[in-house]
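Bear in mind these aren't lab numbers, they're just calculated from the coordinates by the rules spelled out. Small disclaimer: the values here were computed from a predicted structure and weren't measured. Cβ sites come from the backbone with ideal geometry, for glycine too, and all protein chains shown count toward neighbours.
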Amino acid sequence: MKLAKRTLNISPSPTLAIDGKAKKMQQEGIDVISFGVGEPDFDTPENVKEAGIKAIKDGFTKYTAVAGIEGLKKAIIDKLAKENGLEFQSNQIVVSAGAKHSLYNAMLVLCDEGDEVILPAPYWVSYIEQIKMAGGIPKVVETKEENNFRLTPEQLEAASTNKTSLLILNSPSNPTGAVYTANELKALAKIIKKHKLTVISDEIYEKLLYDGLTHVSIAAVDPEIKDQVVVVNGLSKAYSMTGWRIGYAAAPANVAKAMADLQSHSTSNPTSIAQKAAIEALEGTQEPVEQMRLEFVKRRDYMYERLNNMPGITSTKPGGAFYLFPNVSNYYGKKYKGQTIANSTDFAEILLTAGKIAVVPGVAFGSENNIRLSYAASMETIEEGLNRMEQVLLNFDS
Ligand SMILES: Cc1ncc(COP(=O)(O)O)c(C=O)c1O
């Protein structure tokens, strides 16, 4: 069948592709260790599961208001006020089927055909595809490893033209774990105001922060900037609820209305049952979040040490999320059993075939020098995976 033009440019999600490949090898009985996944390996907290079960038993299984039930909107509004210092009303909140869905709704209502969208690289894989699907032109700005992969005000200024309408910010970042401080965000806010940019701020990893860092939303750094920001967040990562599909956006009322209208003609409301569970996640005990965070710190520290001790590998220390993004480019041009490794895809391929470890090549995130390893796996798995990686590196031809 003939496909519509808009599909011709879309690439499948490479993170899901590598995961699929690793799972297929596992099904064939091959013992593959996956560092490819983008979801916490913890179970959804018991109280949250119970709330979902109760919703089913209570017959809360019908259509709801498109942008989410009032109880959940209230929980989100309270959370934004308490944790982020942001005041929103109910008509400014839109709950969707995951943060990815919120981001896509936002992109479709904010990006006009031909608009330039500034995207700092390394970037999460779906942003670039969503920009293209909305008819926008991704303006990729490469951040520097020595600046811990953070966009500088000078870079933002240089990239802004009269065609630029949007900026995508993601702190803490997937794939680098980079976290912006309040002062860095304030400096960016000046440029954002000057060029009247709209910011889509993806804050989904905000609860997974280490080394005493605190999360700051760009919407809160300056009293005037809030009206230029769409804050996107969700429950997938913080509450280990990836399968429940609940994300949300907090935006100026006209943007929220457009997003809800769009959603009303595509997916309608997010799942009724998941919405009830989400209220419990936000309003119930936060103890499981902290337990998960503490476990992630241990794993990050271990993986960071091990990687930096491997010959030719260097990694920045991520302040958040659950990924490391080491630079492996010292191996490019070298040979593994006669085969020249030219780029991050070749490097990831060798790790998978020779070491039975799945990682995501950096090129998927717009950064050819790196690979991404997720530490959403048990300590034993991480240890074994890194042992295997070390062996592969030792077997490069000298
Ligand atoms: C940076 C970032 N934003 C958004 C999402 C989407 O999360 P959700 O499961 O809520 O759609 C992910 C998931 O991998 C992510 O890494």
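Just to be sure I understand: with springs between alpha-carbon atoms less than 10 Å apart, which residue in L156, L213, L386 has the highest mean-square fluctuation in the Gaussian network model of the chain?
L213
Please report the Cα spread of segment 120-269 along all three principal axes, rounded to whole Å, starting with the longest.
The Cα atoms of segment 120-269 stretch 42, 39, 30 Å along their principal axes.
For the pair N395 and F60, how long in nm is the line joining their label points, each one 7 Å along Cα→Cβ?
5.3
Please grab the % of Cα pairs in segment 244-311 that end up more than 19 Å from each other.
That tail contains 61 percent of the Cα-Cα pairs.
Can you tell me how segment 1-70 classifies by the Cα gyration tensor, rounded, prolate or oblate, using a/c under 1.5 as the rounded cut?
oblate
Ranking D222, D78 by Cβ neighbours within 10 Å, fewest first, what do you get?
Ranked by crowding around the Cβ, least crowded first: D78, D222.
Rank P12, P270, P122 by mean-square fluctuation in a GNM of the chain with C-alpha springs under 10 angstrom and give only the top-ranked residue.
Maximum among the listed residues: P12.
Fully extended, how many nm does the chain gain between E157 and L8 (0.36 nm per residue separation, minus their Cα-Cα distance)?
Separation in residues times 0.36 nm, less the Cα-Cα distance, equals 50.4 nm.
Once you mark the trypsin sites (Lys or Arg not before Pro) that are in a DSSP loop and have at most 16 other Cβ atoms within 10 Å, what is the longest gap between them in the chain?
It runs 197-333.
Taking only C-alpha pairs under 8 Å that are 6+ residues apart, what is the relative contact order of the chain in percent? Before the final figure, lay out each step's value.
Details: 767 pairs, mean separation 89.3, N = 398.
The value is 22 percent.
Return the distance in nm (one decimal) between the two label points of a simple spin-label model at A182 and L213, each offset 7 Å from Cα along Cα→Cβ.
1.7
Have a look at the DSSP beta bridges in the chain and tell me what percent are antiparallel, nearest 5. Intermediate values should be presented prior to the final figure.
Working: 18 of 38 bridges.
The antiparallel fraction comes to roughly 45 percent.
Would segment 1-135 count as rounded, prolate or oblate if I go by the C-alpha gyration tensor, calling it rounded below 1.5 in a/c and otherwise prolate when a/b exceeds b/c, oblate otherwise?
Values: a/c = 1.81, a/b = 1.15, b/c = 1.58.
Oblate, because a/c is 1.5 or more while a/b does not exceed b/c.
Of the cross-linked pairs K132/K163; K21/K49; K100/K132; K62/K276; K79/K298; K23/K276, which ones have a Cα-Cα span greater than 21 Å in the structure shown?
Over 21 Å apart, Cα to Cα: K21/K49; K79/K298; K23/K276.
With only alpha-carbon pairs counted, each pair once and no self-pairs, how large is the Kirkwood hydrodynamic radius of segment 311-398 in angstroms? Kindly include the intermediate steps, with their values, before the conclusion.
Details: mean 1/r = 0.0759 Å⁻¹.
Averaging 1/r across every pair of different Cα atoms and inverting gives 13.2 Å.
Taking 0.36 nm per residue of sequence separation and subtracting the Cα-Cα distance, how much length would be gained by fully extending the chain between F42 and N308, in nm to one decimal?
Taking F42 through N308 to full extension adds about 93.1 nm, to one decimal.
Could you give the length gained by full extension between K24 and T340, i.e. 0.36 nm per residue of separation minus their alpha carbon distance, to one decimal place? Write out the running numbers ahead of the final one.
Working: separation 316, 0.36 × 316 = 113.76 nm, distance 2.59 nm.
Length gained, K24 through T340: 111.2 nm.
What chymotrypsin sites (Phe, Trp or Tyr not before Pro) does segment 36-99 have in DSSP loop regions with at most 10 other beta carbons within 10 Å?
Within segment 36-99, the qualifying chymotrypsin sites (Phe, Trp or Tyr not before Pro) (loop, at most 10 other Cβ atoms within 10 Å) are Y63.
Rounded if a/c is under 1.5, else prolate if a/b is larger than b/c, else oblate: which is segment 71-115, with a ≥ b ≥ c the root eigenvalues of its Cα gyration tensor?
Cα axes put segment 71-115 in the prolate bin.
Counting other beta carbons within 10 Å of each Cβ, put F347, F322, F396 in order, fewest first.
The most exposed by this proxy come first: F396, F347, F322.
Which is the longest run of the chain containing none of the GluC sites (Glu not before Pro) found in DSSP loop states (not H, G, I, E, B) with at most 10 other C-beta atoms within 10 Å?
Here the longest segment lacking exposed loop sites spans 225-398.
Please work out the Kirkwood hydrodynamic radius for the chain, using every pair of different C-alpha atoms, and report it in angstroms with one decimal place.
In the chain this quantity evaluates to 21.8 Å.
Counting other beta carbons within 10 Å of each Cβ, put H265, H101, H215 in order, fewest first.
H265, H215, H101
Could you check the simple spin-label distance between D227 and N387, using points 7 Å along Cα→Cβ, in nm with one decimal?
Taking the two extended label points, one gets 6.1 nm.
Tell me the Kirkwood radius of segment 185-240: reciprocal of the mean inverse pair distance over distinct alpha-carbon atoms, in Å.
12.3
With N set to the residue count of segment 122-169, report its C-alpha Rg divided by 2.2 N^0.38 Å to two decimal places.
1.19
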